[in-house]
Amino acid sequence: MSRVGAFFGGAGGLPGGAQGLPVNLGGYEFVRHPSDASARLQGVDQALVWVVVALLMWGMVMVYSASIAMPDNPRFSRYTHTHFLTRHVLSIVVGCIAALLAFQVRMETWEKVARPLFVFALILLALVLVPFIGKGVNGARRWIALGVMNFQPSELAKLATIIYAADYMVRKMEVKEKFFRAVWPMGAAVALAGVFLLAEPDMGAFLVIAIIAMGILFLGGVNARMFFLIFGVLVGAFVLMIAASPWRRERIFAYLDPFSAEHALGKGYQLSHSLIAIGRGEVWGVGLGGSVEKLHWLPEAHTDFLLAVIGEEFGLVGVSLVIFLFLWLSRRIMVIGRQSIALDKVFSGLVAQGVGIWIGFQAFINMGVNLGALPTKGLTLPLMSYGGSAIVLNLIAIAIVLRIDSENKQMMRGGRS
């Protein structure tokens with residue numbers, strides 16, 4: 001009996017010593033364990049699902065609260081008061097359907113399509129720069145119009161980078177100590193994505209993708225010296241990009257002193273009003289719907305600065321709860337990844353941990369920006385902020401993690417993954 005089987009106290013790993021029932025399909029006989037089909041959904045991590053549902057529902061309420069007054073602005077006068085809520089709910093519905101479909105895909109299949117998916121993401125990043133294909137908003141060209149929803153290729157690129165980097169590390173395990181054979185090719189692939197993203201421009205998405213790739217390389221076993229070398233190169237690259245861009249330098253100076261006369265009505269405007277909103281909330285908040293800053297004072301209140309509205313309406317308690325939920329979610333996803341690696345499913349484990357890095361790091365950046373701990377960056381709060389393609393890809397990523405967890409549990413019960 002295997003150690004896994006012994007752990008569950010039964011022959012062949014079945015609980016209570018129950019034997020699997022032989023089934024004949026198409027001339028092939030196999031043992032059908034109770035966990036092989038209908039029990040897959042029963043084996044889904046219920047706590048993780050409910051935390052995701054809680055974040056989605058709270059985000060939906062806050063998107064409505066933050067956007068309800070926007071039609072009073074002449075710029076949005078043609079919209080109804082429920083315009084952004086309706087589109088956000090549509091994104092959640094589409095995301096849930098896509099997540100259910102993604103959950104049906106075996107991790108072996110994701111591993112096979114890793115390289116084509118990454119190439120497809122790069123093609124879309126290039127296409128978005130074409131004037132008659134890409135849609136420009138506020139000086140940035142990051143979206144492809146799909147009628148009822150705008151698709152942002154950088155969100156797909158984040159997921160594609162996770163899957164590609166995990167597959168890459170599995171293929172390069174034997175040479176992971178050699179820089180030019182293991183690290184350099186991955187670095188070149190991320191740099192190519194970075195060229196397209198910086199042309200949009202979308203430095204925030206490039207930062208997230210670079211951190212995802214670097215994190216998976218480190219978790220995949222790249223030695224510490226190479227890891228710190230990569231980290232140094234990455235930091236140097238971002239410092240050079242900031243130094244070479246006057247408007248990025250202005251953002252840094254505005255971050256250091258957002259309330260100064262020079263910055264309060266310029267690059268520090270969003271940050272200063274975000275801090276005013278959070279300060280007004282104090283400990284318990286002013287109550288749901290009571291935010292003043294969302295009344296045309298705080299730009300992008302329903303997207304990048306949703307946490308500021310949460311802070312104003314729910315106070316320190318609400319912000320602390322959001323932080324706790326994202327900490328719990330990120331940790332749980334990382335634990336699922338470690339379990340998978342312990343079961344010798346390295347690709348699945350690295351994918352799960354990559355999703356944990358993505359959700360955790362992007363939430364950290366968004367919260368840091370809203371709280372004035374980090375310079376202003378255009379990144380949404382995962383699962384909560386308004387944004388169609390972001391919600392859809394977040395839910396697909398969560399579904400893949402749930403699939404990994406389900407396959408882990410089936411393996412521990414002695415069934416096929």
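Read-outs: derived from the displayed coordinates by stated rules, not from any lab. Just so it is clear, the model here is predicted, and its values are computed rather than measured. Glycine also receives a Cβ, built like all others from the backbone with ideal geometry; neighbour counts cover every protein chain displayed.
The charge dipole of the stretch 86-231, taken about the Cα centre with unit charges on the Cβ atoms of Lys, Arg (+1) and Asp, Glu (-1), comes to about 120 debye, rounded to the nearest 20. The Cα atoms of the stretch 360-417 define a convex hull whose projected area, averaged across directions, is 5.0 nm².
Dipole of the chain computed with +1 at Lys/Arg Cβ and -1 at Asp/Glu Cβ about the Cα centre; of Val137, Gly337, Leu298, farthest Cα towards the positive end is Gly337. Ranked by the mean number of other Cβ atoms within 10 Å of their residues, highest first, the peptides 306-317, 252-263 come out as 306-317, 252-263. The residues Met334, Met173, when put in order of fewest to most other Cβ atoms within 10 Å, stand as Met173, Met334. Using equal-weight Cα scatterers in the Debye expression, the normalised intensity of the stretch 289-347 in log10 at q = 0.14 Å⁻¹ is -0.55.
When each of Val105, Val148, Val351 is scored by the number of other beta-carbon atoms lying within 10 Å, the sequence from fewest to most is Val148, Val105, Val351. The aspartates and glutamates within cross-link reach of Lys345, meaning a Cα-to-Cα straight distance under 14 Å and a gap of 8 or more places when in the same chain, are Glu108, Glu111, Asp167, Asp405, Glu407. Volume per residue of the convex hull around the Cα atoms, evaluated for the chain, comes out as 168 Å³.
Relative to the Cα centre, the charge distribution of the chain, modelled as +1 at Lys and Arg Cβ and -1 at Asp and Glu Cβ, gives a dipole magnitude of about 860 debye. Peptides 265-275, 356-366, 230-240 ranked from most to least packed give 356-366, 265-275, 230-240, packing being the mean of other C-beta atoms within 10 angstrom over each peptide's residues. What shape does the stretch 203-293 have by the C-alpha gyration tensor, where a ≥ b ≥ c are the square roots of the eigenvalues, rounded means a/c under 1.5, and otherwise prolate means a/b greater than b/c and oblate the rest? Oblate, since a/c reaches 1.5 and b/c is not below a/b. Once you reduce the stretch 300-318 and the stretch 232-276 to the center of their Cα atoms, the two points are 21 Å from each other.
The Cα center of the stretch 57-77 and the Cα center of the stretch 196-223 differ in position by 32 Å.
Arranged from fewest to most other beta-carbon atoms within 10 Å of their beta carbon, Asp202, Asp45 become Asp45, Asp202.
Its relative contact order, with pairs defined as Cα atoms under 8 Å and 6+ residues apart, puts the stretch 176-307 at 13 percent.
Here the relative contact order of the stretch 47-412, from alpha carbon pairs under 8 Å that lie six or more residues apart, stands at 24 percent.
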